[in-house]
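S.K.: What follows is a structure written as structure tokens; I'll ask about it next.
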């Protein structure tokens, strides 16, 4: 667990283990730094590193720096250490726990799924047999997408139970509510392409610029095509 602090005028950056038996379920504090996949939250003189989904990153990106935020936390502990996974709603946290609980799907893969699909969308994919839809997630191809699809398909009851118990109150959306379905689809396509480029090593600003350039000059059918066009032009 990373935390930042100070003693007098001496700045510190230390590795801090939360004592055994203490679990963090929520975190409220100041947003000190935001990166793709990670938010740094300061509270009580300690800055916590919280792992977040791309969806959460986009939601937080619209906030000014040093704004107060509140996370629902899933506190992961294993032999390799501890990690905090942060969610802006209890519903997202519970959805993450459902997906993480499927055989062979770890925390980081569950977070990737949560970045791009709601519980309703994942349920629809499993019912319709559209396994290829999962390949919209960067680095989830072939056997990996087939494995995820199989596990979701085998556990539709868990998704049904989750969906039947969720609130109908709207959470913060990735796209504006005023968007048409076509505009929302284009926004989602753009967001996925940008994340894919960032994971390939592009700076976010560069990735956004390159994606927008492709979208203005052509009409790619999916995020993968956008990324391929950009890589070909380099």
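S.K.: Quickly run through the range 136-158 and pick out the residues that are modelled with pLDDT of 80 or more and in contact with a helix residue (DSSP H, G or I) (Cβ under 7 Å, 6 or more places away or on another chain).
M.R.: Here is the first cut: in the range 136-158, the ones modelled with pLDDT of 80 or more are 143-158.
Within the range 136-158, 145, 146, 148, 149, 152, 153, 156, 158 meet the criteria.
S.K.: Then there is this: Please work out which residue is surrounded by the fewest Cβ atoms within 10 Å (Cβ to Cβ), limiting yourself to the range 218-234 and to residues that are under 14 Å from residue 200 (Cα atoms) and touching a residue at least 40 places away in the same chain (Cβ under 8 Å).
M.R.: Among residues in the range 218-234 that are under 14 Å from residue 200 (Cα atoms) and touching a residue at least 40 places away in the same chain (Cβ under 8 Å), the one surrounded by the fewest Cβ atoms within 10 Å (Cβ to Cβ) is 224.
To keep it simple, each residue is scored yes or no on (1) farther than 21 Å from residue 36 by Cβ; (2) modelled with pLDDT under 80; (3) part of a loop (DSSP other than H, G, I, E, B); (4) outside the structural domain of residue 57 (by TED's automatic domain parsing).
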site	(1), (2), (3), (4)
188	no, yes, no, yes
191	no, no, no, yes
196	no, yes, no, yes
202	no, no, yes, yes
208	no, no, no, yes
220	yes, yes, yes, yes
226	no, no, no, yes
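S.K.: So which residues in the range 56-74 are touching a strand residue (DSSP E or B) at 6+ places or on another chain (Cβ under 8 Å), closer than 23 Å to residue 188 by Cβ and assigned to a loop (DSSP other than H, G, I, E, B)?
M.R.: Taking the range 56-74 and keeping what is touching a strand residue (DSSP E or B) at 6+ places or on another chain (Cβ under 8 Å), we get 56-57, 60-61, 63, 65-74.
Adding the requirement that they be closer than 23 Å to residue 188 by Cβ leaves 56-57, 60-61, 63.
Selection gives 63 alone.
S.K.: Scan (1) surrounded by 13 or more Cβ atoms within 10 Å (Cβ to Cβ); (2) assigned to a helix (DSSP H, G or I); (3) touching a residue at least 40 places away in the same chain (Cβ under 8 Å) for the single condition residue 138 breaks and write down its number.
M.R.: Residue 138 satisfies every listed condition except (2).
S.K.: (1) surrounded by fewer than 15 Cβ atoms within 10 Å (Cβ to Cβ); (2) closer than 29 Å to residue 22 by Cβ; (3) not assigned by TED's automatic domain parsing to the domain that holds residue 31: which one isn't true of residue 129, the others all being true?
M.R.: That leaves (2) as the condition not met.
S.K.: Can you name every residue in the range 75-116 that is assigned to a loop (DSSP other than H, G, I, E, B), surrounded by 15 or more Cβ atoms within 10 Å (Cβ to Cβ) and out of contact with any helix residue (DSSP H, G or I) (no Cβ under 7 Å at 6 or more places or on another chain)? Outline the logic, then answer.
M.R.: Of all residues in the range 75-116, those assigned to a loop (DSSP other than H, G, I, E, B) come to 79-80, 88-89, 101-106.
From what is left, the residues that are surrounded by 15 or more Cβ atoms within 10 Å (Cβ to Cβ) are 88-89, 102, 105.
Once the filter is applied, which keeps residues that are assigned to a loop (DSSP other than H, G, I, E, B), surrounded by 15 or more Cβ atoms within 10 Å (Cβ to Cβ) and out of contact with any helix residue (DSSP H, G or I) (no Cβ under 7 Å at 6 or more places or on another chain), the range 75-116 yields only 89.
The values are calculated or read from the model by the stated rules, or taken from the named source; none is laboratory data. Quick caveat, the model's predicted, so the values are computed rather than measured. All Cβ positions, even for glycine, are placed from backbone atoms using ideal geometry, and neighbour counts span all protein chains on display.
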